[in-house]
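Worksheet for the structure shown next.
The values are calculated or read from the model by the stated rules, or taken from the named source; none is laboratory data. Quick caveat: nothing in here was measured; it's all calculated off a predicted structure. Neighbour counts run over all protein chains shown; Cβ positions are idealised from the backbone, glycine included.
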Amino acid sequence: MALLLVWLAGSGAVAQVPSAGSPTGINAAFIKLFGPGAAFTAKADTRVFDKSQTEVVRLPMDFAALHGKVRLEINMEQMQGKNLPASTLASLKQAGMDRVISISRPDKQATYVVYPGIQSYLNIPLAKGEVEALEKGLKLEKTALGKETLDGHACVKNKVVIRNDKGSVLEAITWNAADLKDFPLQIQMNDKGNTVQMHFTQISFAEPDVKQFELPANYGLMK
C-alpha cells in the first residue's frame with residue numbers, strides 16, 4: 001500500500017502512480033502513522049520514484065488531519081512528471097478539474113473527491129477491507145533503525161509495521177522528530193517496485209477548522 005498522488009477518479013489523468021486500497025491511499029493504516037487523535041496542518045512534498053530510483057512524479061499538497069479525518073488539497077498545475085503531457089494538464093484546467101480536494105471521512109465510511117472548479121464531488125465508499133480495519137482496529141509496531149537530522153530536527157528513523165488480525169497491512173520508514181511531538185517529518189513506502197516519499201514542512205499543531213472536512217452545501221454529486 002502506498003499513497004496515491006492523484007485521485008482524479010474517472011479522469012485517467014495519470015497512469016504512472018501507485019495504486020492503493022482507497023482512492024487516495026489515505027486509509028486507516030496510513031493515518032495511524034501520525035499517532036492517536038492526530039490534529040495538524042502541513043505542506044507535503046510528495047514524490048514517486050521508479051525501480052531505478054528515478055523521480056517520475058512530484059506534487060506539493062496541503063495536508064490537514066483532525067481526529068481520523070484527513071483533507072488533501074492539490075493544484076494539478078504544480079505537478080511535475082517526466083511522462084506527464086502538458087496537454088493533459090491543459091485539458092484538466094479547461095474542464096475545471098485542475099484543483100482537487102480529497103476528504104477522507106472514516107466516520108462516514110467514505111472518501112469525498114471534490115472539484116471546486118465545477119462545484120462537484122464524488123462519493124467513494126470505503127472498501128470492505130478498510131471498513132473491517134476500522135471496526136477491528138490496527139496495531140502499530142515500531143523498530144528504531146538509527147538517528148538522522150532532517151530540516152534541523154533530530155529524528156529517529158523507524159521501520160513501522162501496521163497489522164490487523166490477518167497480518168501486515170502497511171510497512172513504512174518514518175523520520176520522527178522528538179521536538180515536534182514525535183511527528184513523522186518524512187514517510188517512505190514501497191508499492192509494486194515504486195518508492196513513495198512524503199516530506200512535511202510548515203507543520204502546525206493547531207486544530208484545523210472542522211468545516212474543512214465537510215462537503216460544501218451547494219456542490220452536486222457527480223454521476
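Entry remark, region 138-192: residues being touching a residue at least 60 places away in the same chain (Cβ under 8 Å) and either in a strand (DSSP E or B) or touching a Lys or Arg at 6+ places or on another chain (Cβ under 8 Å) (or both) number 14 in total.
Among the residues making up region 67-116, those that are in a strand (DSSP E or B), under 21 Å from Ala127 (Cα atoms) and of a type in the set (D, E, K, R) are Lys69, Arg71, Arg105.
If you go through region 26-66 and keep only what is in a loop (DSSP other than H, G, I, E, B) and in contact with a helix residue (DSSP H, G or I) (Cβ under 9 Å, 6 or more places away or on another chain), you end up with Asn27, Ala38. Within region 165-174, the presence of a residue that is more than 20 Å from the chain's Cα centre (by Cα) and among the hydrophobic types (A, V, I, L, M, F, W, C) is excluded.
Among the residues making up region 10-44, those that are among the small types (Gly, Ala, Ser), out of contact with any Phe, Trp or Tyr (no Cβ under 9 Å at 6 or more places or on another chain) and modelled with pLDDT of 50 or more are Ala28, Ala29, Gly37. Scanning region 68-112 for residues that are of a type in the set (Lys, Arg), more than 17 Å from the chain's Cα centre (by Cα) and surrounded by 13 or more Cβ atoms within 10 Å (Cβ to Cβ) yields Lys93, Lys108. Answer yes or no: is there a residue in region 197-205 that is in contact (Cβ under 8 Å) with a residue 24 or more places away in the chain, surrounded by fewer than 17 Cβ atoms within 10 Å (Cβ to Cβ), of a type in the set (Gly, Ala, Ser) and in contact with a Ser or Thr (Cβ under 6 Å, 6 or more places away or on another chain). Looking for residues that are in contact (Cβ under 8 Å) with a residue 24 or more places away in the chain, surrounded by fewer than 17 Cβ atoms within 10 Å (Cβ to Cβ), of a type in the set (Gly, Ala, Ser) and in contact with a Ser or Thr (Cβ under 6 Å, 6 or more places away or on another chain), one finds at least one in region 197-205, hence yes. Pull up region 45-58, narrow it to residues that are crowded, with 21+ Cβ neighbours inside 10 Å and of a type in the set (A, V, I, L, M), then point me to the one that is modelled with the lowest pLDDT. Once the filter is applied, the top-ranked residue is Val57. Report yes if Lys211 is under 21 Å from Phe63 (Cβ atoms) and free of Cβ contacts under 8 Å to residues at least 12 places away in the same chain, otherwise no. Yes.
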